[in-house]
Number of protein chains: 2
Amino acid sequence: MDEVKKEETKKILKPMKVAIVGYGNLGKGVECALQAREEFELVKIFSNRAGLKSPFGTEFELTKHVEKYAKKIDLLFLCGGSYSDIEKIGPKTIKLFNTVDSFDTHAKLEKYITSLDKIAKKSLKVAVSAGGWDPGLMSMMRLIFNSIAPEHTFANAFWGEGVSQGHSDAIRRIKGVKNAIQYTIPNKSVMKKCASKFDYVPKPTEKHGRLCYVVLEEGAEASAIKEQIINMPNYFLGYNTIVKFVSEDKLMKMQNKMYHKGYVVKNFKCSNKFATRLSFNLDIESNPYFTAEIMVMLGGAVKKLHSEKKYGAYSVFDLPLSYLSNIDRSTLLKTML
Amino acid sequence: MDEVKKEETKKILKPMKVAIVGYGNLGKGVECALQAREEFELVKIFSNRAGLKSPFGTEFELTKHVEKYAKKIDLLFLCGGSYSDIEKIGPKTIKLFNTVDSFDTHAKLEKYITSLDKIAKKSLKVAVSAGGWDPGLMSMMRLIFNSIAPEHTFANAFWGEGVSQGHSDAIRRIKGVKNAIQYTIPNKSVMKKCASKFDYVPKPTEKHGRLCYVVLEEGAEASAIKEQIINMPNYFLGYNTIVKFVSEDKLMKMQNKMYHKGYVVKNFKCSNKFATRLSFNLDIESNPYFTAEIMVMLGGAVKKLHSEKKYGAYSVFDLPLSYLSNIDRSTLLKTML
């Protein structure tokens, strides 16, 4: 092996120095997932606390000081709690670091990735964005299923039973609501129809039911709030929506459960003749910890892309699958193809 | 839009002139699948017959004349019946055409793709190889599942019930066997264990049973042939193998059924704590017609790669997922991510 190649190999094998920004459940999940990965070295956790250490012994630093670490850290896992966090911190941090995020406001993804791409190319960095289980893993299944025999109806996706953060937030914004949690519940008979009828297209509102648990502010009127929820356009109007009022205690306990499920199915007749069904099932006990696993996997892709100087912002649609693995391509072709 | 861009767009929208090489079930399936695709124009079917027309009106030409069409055809779907066909015709045709094949001898794939890549780069062509349902779609699932939390046991794959061509061929090579067909039958209790126990690793031989239907040559001794089958290393030894002797008529009827199934599952504890299960199910009434759909999808990837001058030989592991779709990337990010 010549010297240049040796240097290249060393670079690839050397662990990438990484940090976590935001230490809620997602950040904790990323820290856990990183323990099993030799290709990364976790050097810092950025949050609004400092001077602490995580259970794994990682030092905390204030997020506002992140820029000082530009030369000491190669990759940031952006685990900010709220959506607006990512939209603010993403375009800033990509100027100095490679990043992975699981930004999940579907309607904004294309614009966000496009704008991130411009900055990343200028700053010679790599970002992989929208990398969780949905958007992320479920999106990959949608794209693969839809690309096969694309003249047929799009694959149907179902979520749940599990908590929808977006729907929970929507309820929380109602005046008089102190706290709320919304479970998305797939309609099993519609799921079955999608898996048994060919090219079946259910109404969006009949695919899922919506079960809402609400804690009221003192003096708030339950029936008026229920009406507001049930009639909220885009979120609840037209859906089978159940609203239950509960104590704050009970809600807190619910919020500790983080399970979720996903299902993607495409059922069609190949060449208009042969029954063909593709389906993907995901069953996770922890939404944030599984999202964290996907983010860490995408961190590996960032490492490869950066070492190859392929700067820019990527979605899971833009990555060759071999970039997801920590196994070299030649071995992949031999063992997994 | 400037003139250069207009020219580029025209090039992308212009149908690619394609041909099918080999007109067995796979070739027929590709012809059917192409009917729904505006991005391709099927101009010829190469086979050992000439002067005919297909049911869709496509003209036949002798395969030995394929080189004459180098300037008239951009992409060949290689649908040769036997494995050795692809190994011979692939390296020849890639010198003059872009190609898609579903070469499926797993042990040879890495070498084949590597050698094809060298020729393709020299001849400024693009090949996508090993593109069927397995290798192909199932491989993609294996790679995705295994890349998530890779410290855990590899995903388990099951096949069937369906015919294994390789195992059927192995029986046919035995002296005294006139014809044979082998059904691979997944062991349902092992499948369930893989989906319910964490990191469960079954013995390879217990994952599938093997049901063999054999037509004997006149005078051949059934019991001796049965022994030979059951004790064949790699193929049957150690497996639950059942051998049945049938008439040629009955076997012919069986060979008309082309259904198959595939299942990939990974079941593990995320961060050693949270139950996580990923599974993919495929259920196809026609193995060759579904393989054909995958090949036509990959033809789309070839079209894009060639228009971007990204010459070489690719596996499904080397393609960004967006290359599989006939929808532009920006729309994909907006609608499927």
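Sort chain A into rounded, prolate or oblate with this rule: let a ≥ b ≥ c be the square roots of the eigenvalues of the Cα gyration tensor; rounded if a/c is under 1.5, and if a/c is not under 1.5, prolate when a/b is larger than b/c, oblate otherwise.
oblate
Rounded to the nearest 20 Debye, what is the dipole magnitude of chain A about its Cα centre when Lys and Arg each give +1 and Asp and Glu each give -1 at the C-beta?
That gives chain A a dipole magnitude of about 480 debye.
Using heavy-atom solvent-accessible surface (probe 1.4 Å) with all chains present, what is the largest-first order of A:H152, B:H306?
B:H306, A:H152
With a 1.4 Å probe and every protein chain left in place, work out the accessible area per residue of the protein assembly as shown in Å², rounded to a whole number.
With the other protein chains kept in place, the protein assembly as shown gives 46 Å² per residue.
How far, in nm to one decimal, is B:K14 from itself in the other copies if the label point is set 7 angstrom along Cα toward Cβ? Shortest first, please.
Reported distances to equivalent positions: 4.8 nm.
Going by average Cβ density within 10 Å per residue, which order do the peptides B:218-226, B:38-46, A:253-261 take, highest to lowest?
Ranked from most to least packed, the peptides come out as B:38-46, A:253-261, B:218-226.
Among B:A222, B:G22, B:C194, which residue has its Cα furthest toward the positive end of the charge dipole of chain B, with +1 on Lys/Arg Cβ and -1 on Asp/Glu Cβ?
Sorting the options by dipole projection puts first B:C194.
Roughly how many debye, to the nearest 20, is the charge dipole of the protein assembly as shown about its Cα centre, given +1 on each Lys and Arg Cβ, -1 on each Asp and Glu Cβ, and no other charges?
Charge dipole of the protein assembly as shown: 520 debye, to the nearest 20.
Taking 0.36 nm per residue of separation and subtracting the Cα-Cα distance, what length does fully extending B:A222 through B:S307 add?
24.9 nm
Taking the Cα atoms only, what angle lies between the long axis of helix B:109-123 and the longest principal axis of chain B, rounded to 10 degrees?
Computed tilt is about 10 degrees.
Considering amide H positions built from the backbone, and no H for Pro or chain starts, which residues 5 or more places from A:F245, or on another chain, come under 5 Å of its amide H?
Here A:V214 satisfy the definition.
Strictly over 23 Å apart at the Cα level, which of A:K310/B:K71; A:K44/B:K334; A:K304/A:K334; B:K44/B:K253 would you flag in this model?
A:K310/B:K71; A:K44/B:K334; B:K44/B:K253
Which residues, if any, in the stretch A:287-325 lose at least 30 square angstrom of accessible heavy-atom surface (probe 1.4 Å) when the other protein chains sit next to their chain rather than the chain being alone?
A:Y289, A:F290, A:E293, A:M297, A:F317, A:D318, A:P320, A:L321
What percent do you get for the relative contact order of the stretch A:137-287 when only Cα pairs under 8 Å and 6+ apart count?
28 percent.
In debye to the nearest 20, how big a dipole does the stretch B:137-287 give about its Cα centre with +1 on each Lys and Arg Cβ and -1 on each Asp and Glu Cβ?
620 debye
Quick one: buried accessible area between B and A, total over both chains, 1.4 angstrom probe, nearest 100 Å²?
5900 Å²
Of the options A:G51, A:M336, B:W159, report the single residue whose Cα projects farthest towards the positive end of the charge dipole of the protein assembly as shown (beta-carbon charges: Lys, Arg +1; Asp, Glu -1).
Farthest along the dipole direction, towards plus: A:G51.
What angle do you read, to the nearest 10 degrees and between 0 and 90, between the alpha-carbon axis of helix A:287-307 and the longest principal axis of chain A?
Value to nearest ten degrees: 30.
Any idea how far apart B:N256 and A:I174 come out in nm if each label point goes 7 Å out from Cα toward Cβ?
Modelled inter-label distance: 6.1 nm.
Summarise the accessible area of the stretch B:137-287 (1.4 Å probe, protein heavy atoms) by the percent that is carbon and sulfur.
C and S atoms contribute 50 percent here.
Starting from the amide H of A:A130, placed 1.01 Å from N in the peptide plane, find each other amide H under 5 Å away whose residue is 5 or more places distant or on another chain.
A:D101, A:S102, A:F103
Using the Cα gyration tensor of the stretch B:250-321, with a ≥ b ≥ c the square roots of its eigenvalues, what is the shape: rounded (a/c below 1.5), prolate (a/b larger than b/c) or oblate (neither)?
Taking the square roots of the gyration eigenvalues as a ≥ b ≥ c, the stretch B:250-321 is oblate.
Any idea what the A:S115 label distances to the other copies are, label 7 Å down the Cα→Cβ vector, nm, shortest first?
Result for A:S115, in nm, nearest copy first: 5.3.
Among A:A301, B:P233, B:F280, which residue has its Cα furthest toward the positive end of the charge dipole of the protein assembly as shown, with +1 on Lys/Arg Cβ and -1 on Asp/Glu Cβ?
A:A301
Given the C-alpha centroids of the stretch B:117-155 and the stretch B:27-90, what is the distance between them in whole angstrom?
24 Å
Report the relative contact order of chain B, percent, no decimals, based on alpha-carbon pairs under 8 angstrom and at least 6 residues apart.
Relative contact order of chain B: 19 percent.
Under a Cβ-Cβ cut-off of 12 Å, what is the net charge of the residues other than B:T291 that fall near it, where Lys and Arg count +1 and Asp and Glu count -1?
-3
Between A:D249 and B:Y200, what is the FRET efficiency for a Förster distance of 45 Å, r being their Cβ-Cβ separation, to the nearest 0.05?
Computed FRET efficiency for A:D249 and B:Y200 comes out at 0.70.
What gaps in nm, shortest first, separate A:E308 from its twins in the other copies when you place the label 7 Å past Cα toward the beta carbon?
Distances to the matching label points in the other copies: 1.1 nm.
For every other residue with a beta carbon closer than 13 angstrom to the beta carbon of A:H208, add +1 if it is Lys or Arg and -1 if Asp or Glu, then tell me the sum.
+3
Against the longest principal axis of chain A, how steep is helix A:25-34, in degrees 0 to 90 to the nearest 10, with axes from Cα atoms?
Orientation of helix A:25-34: about 40 degrees from the principal axis.
Quick one: of A:K226/B:K273; A:K309/B:K203; A:K28/A:K197; A:K193/A:K257, which pairs are farther than 32 Å apart, Cα to Cα?
Pairs exceeding the cut-off: A:K226/B:K273; A:K309/B:K203; A:K28/A:K197.
Short version: ³J(HN,Hα) in whole Hz for each residue of the stretch A:327-337, in order, from phi by Karplus 6.51 cos²θ - 1.76 cosθ + 1.60 (θ = phi - 60°), x for Gly and Pro, what are they?
Values per residue, Gly and Pro as x: 9, 5, 4, 4, 5, 4, 4, 6, 10, 10, 6 Hz.
The values are calculated or read from the model by the stated rules, or taken from the named source; none is laboratory data. None of the values given here were measured: they were computed from a predicted structure. All Cβ positions, glycine included, derive from the backbone under ideal geometry; neighbour counts span all protein chains shown. For accessibility, only protein heavy atoms count, side chains too; no ligands or nucleic acids. Shrake-Rupley method; radii C 1.70, N 1.55, O 1.52, S 1.80 Å.
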